[in-house]
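Below: one structure, written as structure tokens.
Rule-based calculations on the coordinates, nothing more; no lab input. The shown structure was predicted, so the numbers you read here are calculated from the model rather than taken from an experiment. Don't worry about glycine lacking a Cβ; one is built from the backbone with ideal geometry, like all the others, and counts go over all protein chains shown.
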Amino acid sequence: MELGNGTLVAVVDGKHLQLFKSAGNDGKLTALPAGDVSTDNKGSGGRHASSSANPADHQQDEDAFAAGVADMLNKRAMGGGVDHLVVIAAPRTLGELRKHYHKRLKPSWRRKSPRT
């Protein structure tokens, strides 16, 4: 995949965010500071509420982190800092991110199904 000059690349897992920006047409990525991601959005992923049947809070924490990443990306997009964006994350994290994207950040995603 070729990235255009200035493309922002976000690599997200349930606890970490790494940001990179493409520089030139040689395919090199420059690491950017990610800053702090707010995890105050505990309403995200509400279907995974903790209970005696589901005692682990890790899914709620991961969903709140994804919502915080989306909020940070939204702010960058609204501030004019994002022309093109590539997000690399697990499918569940991508789904949670998509719930929180501002309409300016929402791409016209194309689903590709593997053909055999």
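Taking 7 Å steps out from each Cα toward its Cβ at Lys28 and Asp83 produces label points 1.9 nm apart. Residue separation of His102 and His16 scaled by 0.36 nm, minus their Cα-Cα distance, works out to 28.9 nm of gained length. Around the amide H of Ile88, modelled in the peptide plane, lie the amide H atoms of Ala10, Val11, Val12, all under 5 Å away and 5 or more residues distant in sequence or on another chain.
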